[in-house]
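Peer 1: Would you mind keeping the following structure in view while I ask a few things?
Laboratory data are not the source of any read-out in this text; all were calculated from the coordinates shown. Keep in mind that what you see is a predicted model, and the values were worked out from it rather than measured. Neighbour counts are summed over all protein chains in view; Cβ atoms, including those assigned to glycine, are modelled from backbone coordinates with ideal geometry.
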């Protein structure tokens, strides 16, 4: 295992950066010497617009961990812009689908409920998103998990939200 990072907390520096840990296709950490199953871009080096586009691309491909990471970075980049809650909601949506595929029903539903409220607070068409339809999907998927129509796990079958 690599040596633990040192440096002033919260201040990125070359000394403090931890190496990227290999991850499985659902974003779970693998052993340090394992071959990564998931390859993600350096979201921090990308613009807010590029991160939003990456989030959309990952979501369209069913890459929910990548979508979550891209939108989480966009959320941090959007602070103070009025769009931070949208990107936080999109990030939570992506994380909810990661939890679904990992078999965590409670985590999926909790994150979708939070995401739904945030995303619905923006007008349809904002940043090219059908926010009401996305909210409808999240609400329906939450109900489906609660009522046993959508079974969490790696083979969960669902229609993705219209992002």
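Peer 1: Order 84-95, 37-48, 136-147 from most to least packed using the mean count of other Cβ atoms within 10 Å.
Peer 2: Values: 84-95: 24.2, 37-48: 13.2, 136-147: 17.4.
Put in order of decreasing packing, that is 84-95, 136-147, 37-48.
Peer 1: Okay, which of segment 44-58 sit inside 18 Å, backbone N to the point 7 Å along the Cα-Cβ direction of residue 20?
Peer 2: Residues 44-48, 50-58 fall inside that zone.
Peer 1: Can you give me the angle between helix 64-77 and the longest principal axis of the chain, using Cα atoms only, in degrees from 0 to 90, rounded to the nearest 10?
Peer 2: Tilt relative to the chain: about 80 degrees.
Peer 1: While we're here: Note the angle between two axes, namely the Cα long axis of helix 105-120 and the longest principal axis of the Cα atoms of the chain, as a number of degrees from 0 to 90, rounded to the nearest 10.
Peer 2: 80
Peer 1: Could you work out how much longer the chain between residue 143 and residue 37 gets when fully extended? Use 0.36 nm per residue separation minus the Cα distance between them, nm to one decimal. Each step should come with its number before you reach the end.
Peer 2: Numbers: separation 106, 0.36 × 106 = 38.16 nm, distance 3.14 nm.
Length gained, residue 143 through residue 37: 35.0 nm.
Peer 1: Just to confirm the number: angle between the C-alpha axis of helix 131-146 and the first principal axis of the chain, 0 to 90 degrees, nearest 10?
Peer 2: For 131-146 against the chain, the angle is about 90 degrees.
Peer 1: Roughly speaking, what % of Cα-Cα pairs in the chain are separated by over 28 Å, rounded to a whole number? Don't skip to the answer; put the middle values down first.
Peer 2: Details: 3300 of 13203 pairs.
Counting every Cα pair in the chain, those more than 28 Å apart make up 25 percent.
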